[in-house]
1. Anything over 26 Å Cα to Cα? Flag those among A:K141/A:K283; A:K356/A:K391; A:K306/B:K3, in the order listed.
2. Just need log10 I(q)/I(0) for the protein assembly as shown at q = 0.09, 0.11 Å⁻¹, Debye formula, equal scatterers on the alpha-carbon atoms, no solvent, rounded to two decimals.
3. I'd like to know how the stretch A:101-181 sits against the 2.2 N^0.38 Å rule of thumb: what's its Cα Rg over that expected value?
4. Over the alpha carbons of the stretch B:3-102, what is the largest minus smallest coordinate on each principal axis, giving the biggest first in Å?
5. From the C-alpha gyration tensor of the stretch A:45-162, pull out the three semi-axes of the equivalent ellipsoid (sqrt of 5λ each), sorted largest to smallest, in whole Å.
6. Ratio of Rg to Rh for the stretch A:331-409, alpha carbon only, Kirkwood?
7. Fully extended, how many nm does the chain gain between A:L227 and A:S209 (0.36 nm per residue separation, minus their Cα-Cα distance)?
8. Rounded to whole Hz and in sequence order, give me ³J(HN,Hα) for the stretch A:268-282 from the Karplus expression 6.51 cos²θ - 1.76 cosθ + 1.60, θ = phi - 60°, writing x for Gly and Pro.
Amino acid sequence: MSDTTTSVVIAGAGHAGGSAAAMLRQLGFAGAITLVGDEPIPPYERPPLSKAWLKGEASAESLALRPMEFYTTANIDLRLNTRVTGIDPAAKTVSLGSGETLSYDFLILALGARARRIPLPGLDLDGVLELRTAADADKLKAALGPGKRLAVVGGGYIGLEAAASARGLGAEATIIERESRVLARVACQQLSDFFERFHRAQGVTIEVSAGVAALEGVGGKVTGVRLSDGRVIPCDAALIGVGAVPNDEIAQAAGLACDGGIVVDLSARTSDPAIFAIGDCTKRPLPLYGRTMRLESVPNALEQAKQAAAAIYGRPPPPPEVPWFWSDQYDVRLQIAGIPFDATEIVVRGDIAAGKFALFHLAEDGLVRAVEAVNASTEFMGGRRIIQRGKRLTADRIRDMAVTMQELAS
Amino acid sequence: MPKITFIEHNGTPHTVEGTIGRSVMEAAVNNNIRGIDADCGGECACATCHVYIEPEWLGKVGLPADGSQEASMLSFAAVTQPDSRLSCQIQMTAELDGLVVRMPEGQH
Ligand SMILES: Cc1cc2nc3c(=O)[nH]c(=O)nc-3n(C[C@H](O)[C@H](O)[C@H](O)COP(=O)(O)OP(=O)(O)OC[C@H]3O[C@@H](n4cnc5c(N)ncnc54)[C@H](O)[C@@H]3O)c2cc1C
Ligand code: FES
């Protein structure tokens, strides 16, 4: 379908929205594309904000998904600093913060997620930060440096990565986690243990099973994080990294099915056939796992962007991919393939003490559900293939390093 | 600026300008070349920027070192060949002006 009269409006100019616009043009879509985003800069990558960029190892321009000229050349009408305030599915229009109304034949909601806010006294103090946008990252970077003290509330990936980058910049870092281990929601015990040991060896202080009572400040500026047990962790900046919530309010208001995210199918279509939703704001099917879930990852954003572009262009949906994710901390690269749903056994391949290993999560029948690979890209790549093909493996074979990943995956 | 030609799996060539010191992958993405997905943005973490180096360029571009991150990522990329590289791991130099690479059938 390459008629020039079809118009697509994309709400949200982040990783998913920017990619969907580019993919439509790659397919040959010749209609109008309007990409509306409330941030001041064109679509960019968020992963480096807690990693290479924060450590000063990547330039601001390298964050951009594509250079500014691309949008002109590809005839994509990019509207920055502009919020989409409402959707009228019956009239097929969206209203903008500027007061303008845009008509669409197809609408793609790529609204992302925002940092979760927890009700804590002192949240409005200077130096209390979150990390979602490039503007947030600028503030965090300015607060780090030799001798500075960073307190991180929340031991998830973003918090751990920020702590690692802070250490790299010579700052002190303390991670405060409510659960009994870091990465409690997203990784298994062995992996949490590994990262806790690694961070401690790098000089990070980790407080687990620690509730936060308040942020303390003097003269409007944060000076410490008070724990529920009364202790105070002194700091010059406090990063709150306690997860993200989907930006699905305008979808809800428009009557689209939402359930902790905008509900979509494998074509990224919402309950309204003319409206698609992609990326962090969606609750999507995971056919390999027979479940629906909201994922927060770049590969997910890209997969759904591809699904929406294919559907709008009239192509069959691309085959479902194995969900995956990566995280860099110090010189440790973690790559995760799959999700450990229904897994009953964890098998270690490699040497945890040497910092090069993979954890295979198996279901009762030996079906491989997830592989968490630490400095083990071959295991990660092989794991993706094994999961994709629904292979069953025995623990003995996985452990046996004399059996290559090629053999395991074939 | 040095030129790079990307040849799609169906034979369609695209010649674009690269930037010295930046990767071959970035040149493809900046020009929206179909067939280079680059899901991880050049972190050598996804293997979706896979290309085959044309024989006459292989000497100058070289192959990844055994045991390198790139080699292990490539070991399971879709349809690899002896001349496979991850284009995010090839930095453009003046010497590579005119580089020709081919794209595999798919990146996933
Ligand atoms: C610090 C950090 C590190 C990360 N590291 C990794 C990693 O290592 N690996 C990985 O896979 N993923 C990582 N992620 C997650 C990844 O960045 C997200 O999954 C991805 O950005 C999702 O893309 P998206 O387009 O759905 O959302 P976003 O990129 O958040 O884009 C949504 C955009 O829509 C805008 N918007 C929202 N509402 C409106 C509105 N009403 N009108 C107009 N615009 C609106 C938002 O401001 C934003 O610009 C990281 C995220 C962060 C924050
Ligand atoms: S872009 Fe991901 S490996 Fe090259």
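1. Those over the limit are A:K141/A:K283; A:K306/B:K3.
2. Debye intensities relative to I(0), on a log10 scale: -0.67, -1.02.
3. 1.41
4. Reported extents, whole Å, longest axis first: 31, 25, 25.
5. Working from the Cα gyration tensor, I get semi-axes of 33, 21, 12 Å.
6. 0.92
7. Full-extension gain reported as 5.5 nm.
8. Rounded to whole hertz, the list is 6, 8, 8, 5, 9, x, 8, 10, 10, 9, 9, x, 4, 7, 9.
Every read-out reported here was derived from the displayed coordinates using simple, explicitly stated rules and does not represent laboratory data. Since this is a predicted model, take the numbers as computed values, not measurements. Neighbour counts are summed over all protein chains in view; Cβ atoms, including those assigned to glycine, are modelled from backbone coordinates with ideal geometry.
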